[in-house]
Structure formats: structure tokens, C-alpha cells
1. Put a dot 7 Å past each Cα toward the Cβ at residue 92 and residue 73; how far apart are the dots in nm?
2. R0 = 25 Å: FRET efficiency of residue 107 with residue 58, Cβ-based, nearest 0.05?
3. Just add up the charged neighbours of residue 91: K/R +1, D/E -1, any other residue whose Cβ is under 14 Å from the Cβ of residue 91.
4. Suppose the chain between residue 84 and residue 186 were pulled fully straight at 0.36 nm per residue; how much longer would it get relative to their current alpha carbon spacing?
5. Using the count of nearby Cβ atoms within 10 Å as a rough guide to exposure, how do 108, 117 rank from fewest to most?
6. As a quick test, which of the pairs 81/155; 31/144; 126/155 have an alpha carbon distance above 19 angstrom in this structure?
7. What order do you get for 131, 74, 115 when you list them from fewest to most C-beta neighbours inside 10 Å?
Amino acid sequence: MLVGLTGISLLLSSCYSHKKVVQSSLPYSEKINWPQGFKPAESDFFIHNEIDIKASPQVVWDIFINAGKWPEWYKRSEGIKLSNSPEGRLNLSSVFIWNPEGKFTSAIREFNPPYQIAWLGETDNKKMTVYNAWVIIPTKDGCKVVSNESQNGPKTKMEKIFAPNMVSNHIGEWLINLKERSEQQSKN
């Protein structure tokens, strides 16, 4: 009985957290063309991260879309394989296979330089489908980079209960590394 109550407690707390994260993503998440079933409030799990960067949107964009170089500064992208991406740079027709949390095949769905990019990714075993959208917003001192990720599938439901901060922490690391790289390039 105690195990059942603990599971219910974890599930209820994750539902509350999901609603809180959805609220924290506003108004940025409203700028995204979410596929059906992936709007933040409709998804099984939603992750929102953002960071201020003292670099222009163009500098950040140029670094970010160069996915062939992600492994140099974001370890979870090691082994990335790109198709339809000349010189390793993402574009509207790019597809990439990578292993951030298991093997994913991702395809670009939104591409609006230098302000917005999004991809739809799915694991080979179809246990998780992810829509990850990145928005770059100009600010007085540079820009704000927002990452919103909607997830659906059975693996997502387990992740939401047992490791709710894992993906947020990984994307947070990605953003910190993007910030450091962008600000360093802006100084040069």
C-alpha cells in the first residue's frame, strides 16, 4: 500500500510540475507551430529552459545550426550523423541521427534564421517522440535563447515520474555551453 501511495504522490507532484513548467514557458511557447498533440499542455511531458546571452542572435544562430560541431561543446551529441546538411549546418530539409538519450532520428520542421528552429525526433523503438523548439529573441544586451521540448510516449511517462529534471538539466548544460561559445566568439 505504501508503494502505491508513493507512486500516486510522485505522479501528482509531476502533474503539478508539468503545469508550472507550461506556465513558465509563456509567452515563448505561443510562438511555436506545435504539431498536433505536442502543444505544451497536451504533451505527456514538457521541458522549458532559457538563458540570456551577450551575443547577437546571428552569432548564436551560426553556432547553433552548425550541428556537425555540436560534439565539440555538447557531449550528448557525440556520434551525430547529418543528412541534407552541407558542411554540417542544419537547414529546412536536414535530418539527423543522434543519441542524446537513446537513438533518435530528428527532422527539421521549423527554420526561421536567425530566430527559430525546431525538430521532430523519434526513438527507433517508437517509445518516445519529441518536438524540440528553439527561439532566439533579441534583447538590449544580446539575446535570450529559449528551448521548449514536448515529449510523448511510454518512455516519457516513466521519465516524467522518475527523472523529471534530467532532460531539463541536459538542455541547461547545452544552453550554458552555447552561451560560453557565443560570448567568446563575440569578444573576438
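Any read-out appearing in this document is the output of simple, stated calculations on the displayed coordinates, not a laboratory observation. Computed from a prediction, not measured in an experiment: that's the story for all the values here. Glycine also receives a Cβ, built like all others from the backbone with ideal geometry; neighbour counts cover every protein chain displayed.
1. Label-label distance for residue 73 and residue 92, simple model: 2.7 nm.
2. Details: r = 24 Å, r/R0 = 0.97.
FRET efficiency, residue 107 to residue 58: 0.55.
3. On the way: positive: 89, 109; negative: 62, 87, 110.
Cβ neighbours under 14 Å give a net charge of -1.
4. On the way: separation 102, 0.36 × 102 = 36.72 nm, distance 2.87 nm.
The span from residue 84 to residue 186 would gain 33.8 nm if fully extended.
5. On the way: 108 20, 117 23.
Fewest-to-most ranking of 108, 117: 108, 117.
6. On the way: 81/155 23 Å; 31/144 14 Å; 126/155 9 Å.
As for pairs spanning more than 19 Å Cα to Cα, those are 81/155.
7. On the way: 131 26, 74 21, 115 17.
Least crowded to most crowded, the residues run 115, 74, 131.
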